[in-house]
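The values are calculated or read from the model by the stated rules, or taken from the named source; none is laboratory data. Bear in mind that the values here come from a model prediction, so they are computed numbers and not experimental data. Using ideal geometry, Cβ is built from the backbone for each residue, glycine included, and neighbour counts are taken over all protein chains shown.
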Amino acid sequence: MTAFAPILFVYAKGGPPLAYAIPRIAAHAQVHVLALAPLPEATADTWWPRCETVTEAQPVEGDDLVDLICRHARIVGARAVMTLSEYAVVAVAHAGRRLGLAGVGPNVEAARDKRQMRSRWHEAGVPVPGFAPVDRAADITEAFARLRPPLLLKAAWSAGSTAHVRVRDEAQAERAWQLGRSVMADSAAQGYAELHSVHGGVSDFLLEEIVTGDASAWFEGEGWGDYVSVEGIVADGVYHPLCINGRMPTIPPFTERAGLAPVALPAEAQRRIEEVSRQAVDALQLENCATHTEIKLGADGEMWVIETAARFGGVMTTRQVETVYGLDMLGMLVRQLLGEKVDYPERMLTRGEGAAGSLVILAADAEGRPWSELPPWDFDAVDWPALLGDGSHIELVREASLPPGTPMPAYEEAGGANAMAALCFVTAASEQELIADCENVVAALPQHLTGKRA
């Protein structure tokens, strides 16, 4: 098909949609897909023609999965192996090392297991909330003895706020721990679990102090959440922060509603965030990978690092960055993995053009209260022009959305993003217009879907 070098793309649940990702990878490499999860047939006409081969594999885990990736990489003569899924990052990193190819490197677990991640940051002096691993019931008692409640119980290998529960005391924490393990087991059954671990990380948790964010101390304008993410790439061990994405306020416990670009922050504030993200990523000692670093913003300029992942941000983060900042991060990473020259910005970009966001459709209002009714999801039934400002646009991300006519899933705090009915990509002339659009959709969508508009 092309004269490009072959690359093995390992597909699993999560990450940017294939309809967006594959064409950008194929612009720089000959793409061979190894699918560890059912492929999105709804958009196959967009991505399948850009692939040289597509192989669907039977589910395996642990070292067997690493063996499978290596075997397939040798078959196609891959010059690089990559994934965009949180759940496959560890396996792909181990396969890359075994094959002698560029990749995350030997410290990949530190960018995946939230317990290792926080331990490294604590040792390096990176600002993080107080935390304690939870592997058994006695760990809960010890955590409450030295941490300040309320605490947040987190699954160590989760993504999308899955199995995150706010707890006030030991008894509530023990119940939440049992619930969290059940939620993680359900997620694993749906393919949303760590693929390298034999047990999928179902029983691995931590308790963390809940730090108080203060968006008003940072942002110009209303409607912003109190944390941001820094998107970047590590190239031969050198971290290149590229830009910052903002958020709408989360809903309980900390479920994301929308990612937004750009952020309404002064350049000086963005530079301070950039340096904290650099400390966090450098402490993990990664080699060649994408990074997605989440930072909580508090009063008086205080910050805490929440998480760094050795992959791009989920949903449509990569498309937001391309739309607003003009950076094709996927293409940059592919060229980096193949050993080709990549022109990274000298400094992180702090200004963009226009605004773009990923809006998660959940059956909950802006405060996290579940809808009283669960109507069928139907993108085409909504009068979108009535909800959006002049010049704004919304489109459905089909790969990340339920089929029309499917009842809206009930929102439950512990389930987090598992309750997502759909994902929409929204563009507007400015970040404040984008926030207004998203707020209008969240407020009015139940009435539009039930046909009970005033």
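Overview of results
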read-out: Enumerated strands (runs of 3 or more DSSP E) restricted to the range 197-291, each holding at least 2 residues that are under 20 Å from residue 121 (Cα atoms) and of a type outside the set (A, V, I, L, M); value: 205-209, 227-235, 238-247
read-out: Residue match in the range 44-54 (condition: at pLDDT 95 or above, of a type in the set (D, E, K, R) and closer than 28 Å to residue 340 by Cβ); value: yes
read-out: Lone unmet requirement of (1) buried (at least 24 other Cβ atoms within 10 Å of the Cβ); (2) assigned to a helix (DSSP H, G or I) for residue 322; value: (1)
read-out: Scan of the range 292-318 for residues that are touching a Pro at 6+ places or on another chain (Cβ under 7 Å), farther than 21 Å from residue 117 by Cα and not in a loop (DSSP other than H, G, I, E, B), ordered by number; value: 318
read-out: Filtered residue count, the range 375-385, keeping only those that are in contact (Cβ under 8 Å) with a residue 60 or more places away in the chain and either aliphatic (A, V, I, L, M) or exposed (fewer than 14 other Cβ atoms within 10 Å of the Cβ) (or both); value: 3
read-out: Every residue from the range 350-399 that is part of a helix (DSSP H, G or I) and hydrophobic (A, V, I, L, M, F, W, C); value: 379, 381, 384, 386, 387
read-out: Count of the range 110-136 residues which are among the acidic types (Asp, Glu) and surrounded by fewer than 20 Cβ atoms within 10 Å (Cβ to Cβ); value: 2
read-out: Single condition residue 336 does not satisfy, out of (1) in a loop (DSSP other than H, G, I, E, B); (2) in the same structural domain as residue 291 (by TED's automatic domain parsing); value: (1)
